[in-house]
Amino acid sequence: MFQEKRAPPILNILLSKLRIYCVYAPNGCGQVLSYDALEGHEQTCQYERTPCQICQKPVSHRDQNDKHELRQCFKEIYDRNPDYVQVQFIKLLDVIEASQRRIQALEKSLGIRPQENK
């Protein structure tokens, strides 16, 4: 079993003198940080972008302006491989979106507050 131990003080002193590039430097982050500040910065870095699990397009999970919707995802996949299955996915998505619009209209007409996405 793993047992966590404190590092010797000299090691902490040496690590604190390191200057390290942010892991998101390839995405445009120019920050060079101390070892102590690195983890905190990377948890809030505005250049954080990871590949979508479905289409592999780089998206941010922090930036609310960087919306990656299912339709965009299917379009990314379709543009790379326009076969029958992708066409069916897009048709299915059309049906789902139409159903969601009808549900929203019904909720509005009945005075029901729409639920937040979970």
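The values are calculated or read from the model by the stated rules, or taken from the named source; none is laboratory data. Just so we're clear, the structure is a prediction, and the values are computed from it rather than from any experiment. We place every Cβ from the backbone using ideal geometry, glycine too, and count neighbours over all the protein chains shown.
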Let me confirm something: among Glu107, Glu48, Glu42, which residue is at pLDDT 85 or above, part of a loop (DSSP other than H, G, I, E, B) and either surrounded by 13 or more Cβ atoms within 10 Å (Cβ to Cβ) or not charged (D, E, K, R) (or both)? Glu48
First in the stretch 77-98 and closer than 24 Å to Pro58 by Cα, second anywhere and in a helix (DSSP H, G or I) and among the charged types (D, E, K, R), Cβ under 7 Å, 6 or more apart: Leu93/Arg71
Report every pair of residues separated by at least 6 positions or lying on different chains whose Cβ atoms are under 8 Å apart, first residue within the stretch 1-19 and not basic (Lys, Arg), second not in a loop (DSSP other than H, G, I, E, B). Ala7/Leu15; Leu15/Tyr35; Leu15/Asp36; Ser16/Ser34; Ser16/Tyr35; Ser16/Asp36; Leu18/Ser34; Leu18/Tyr35
Residue check for Ile54: at pLDDT below 80, surrounded by 10 or more Cβ atoms within 10 Å (Cβ to Cβ) and out of contact with any Lys or Arg (no Cβ under 8 Å at 6 or more places or on another chain): yes
Just checking, how many residues over the stretch 1-50 are of a type in the set (S, T, N, Q) and under 30 Å from His68 (Cα atoms)? 6
Scan the stretch 1-39 residue by residue and report those that are modelled with pLDDT under 90, within 16 Å of Ser60 (Cα to Cα) and of a type in the set (A, V, I, L, M, F, W, C). none
